[in-house]
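Visitor: I have a structure I would like to understand better, so I am pasting it below and will then ask my questions one at a time.
Rule-based calculations on the coordinates, nothing more; no lab input. It should be emphasised that the depicted structure is a prediction, and the values quoted were computed from it without experimental measurement. Positions of Cβ are generated from backbone atoms using ideal geometry, with glycine treated the same way; all protein chains shown enter the neighbour counts.
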Amino acid sequence: MAFLLLLGLVAAVVFAAISVYNRLVTGRNGYKNAYSQIDVQLKRRHDLIPNLVETAKAYLKHERGTLEAVIAARNTAVTASRSAAANPGDPQAMQGLSSAEGALTGSLSRLLAVAESYPDLKANQTMSQLMEELSSTENRISFARQAYNDAVMSYNNTRETFPGLLLAGGFPAAQPFTVEVAAEREPVKVSF
């Protein structure tokens with residue numbers, strides 16, 4: 001009788017360990033999938049920016065520095081996005097992505113502020129469409145970021161609570177996608 005009780009206890013422990021391991025794997029896959037949704041929207045944003053700059057270039061001939069800053073920030077953000085996509089959740093990759101996207105948001109805000117002073121550019125149909133697409137993309141990025149951060153929180157909770165912490169050795173903590181500077185938390189303002 002004691003043998004059966006011991007066997008049942010061992011089976012329960014093994015079942016619990018398998019269950020926790022499976023939740024850790026599911027959580028890791030969940031936040032990686034959630035990051036891929038951010039990546040899709042960031043790529044869309046990064047693809048829109050050159051079109052926006054090209055449209056604005058004809059009107060902003062005297063604002064070359066602003067246009068170059070946007071392109072440089074976009075290129076840095078693309079590189080950071082590739083690094084984060086290679087290892088979603090990695091603290092260094094996510095920190096680099098947050099910084100690069102923050103710088104891109106800042107340079108886009110400066111471009112939009114400059115564009116406000118050019119009535120012909122504001123009236124340009126292509127510019128209006130690009131700005132609308134960019135605004136829509138910013139909203140999609142926000143939603144995707146929230147889903148990713150929720151998945152990271154769930155995964156990290158699983159690995160940091162008992163009994164998950166007993167098996168979490170091979171499962172590093174994931175880093176949420178946060179925005180560093182309060183001004184960067186504001187969406188790109190579009191007004192045409």
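Visitor: Tell me, in nm to one decimal, what length is gained between F3 and L166 on full extension, where the rule is 0.36 nm per residue of separation less the Cα-Cα distance?
Guide: So the extension gain works out to 56.1 nm.
Visitor: How high is the relative contact order of the chain? Use alpha-carbon pairs under 8 Å, at least six apart in sequence, and give a whole percent.
Guide: Relative CO of the chain lands at 34 percent.
Visitor: Separation between the D120 and K57 pseudo-spin-labels, each 7 Å from Cα along Cα→Cβ, expressed in nm?
Guide: 1.7 nm
Visitor: Rank the residues F15, F177, F171, F162 as a footprinting-exposure proxy: fewest other Cβ atoms within 10 Å of their Cβ go first.
Guide: In increasing order of surrounding Cβ atoms, one gets F162, F15, F171, F177.
Visitor: Turning to a different aspect of this structure: Taking the stretch 59-91, which trypsin sites (Lys or Arg not before Pro) meet the DSSP loop condition and have no more than 15 other C-beta atoms within 10 Å?
Guide: For trypsin sites (Lys or Arg not before Pro) across the stretch 59-91 that sit outside H, G, I, E and B with at most 15 neighbouring Cβ atoms in 10 Å, the list reads K61.
Visitor: Under a point spin-label approximation (7 Å from Cα along Cα-to-Cβ), what is the V10-R110 distance to one decimal in nm?
Guide: It works out to 6.8 nm between the two label points.
Visitor: I need the fraction of alpha carbon pairs in the stretch 99-160 separated by more than 13 Å, rounded to a whole percent.
Guide: Every Cα pair in the stretch 99-160 considered, those over 13 Å come to 73 percent.
Visitor: A further question on this structure: Identify, among L9, V152, Q92, the residue whose Cα sits farthest towards the positive end of the charge dipole of the chain, taking +1 on the Cβ of Lys and Arg and -1 on the Cβ of Asp and Glu, with the dipole about the Cα centre.
Guide: Result: L9, furthest along the dipole toward the positive end.
Visitor: So, with +1 on the Cβ of K and R and -1 on the Cβ of D and E, and no other charges, what is the size of the charge dipole of the chain about its Cα centre, to the nearest 20 debye?
Guide: 300 debye
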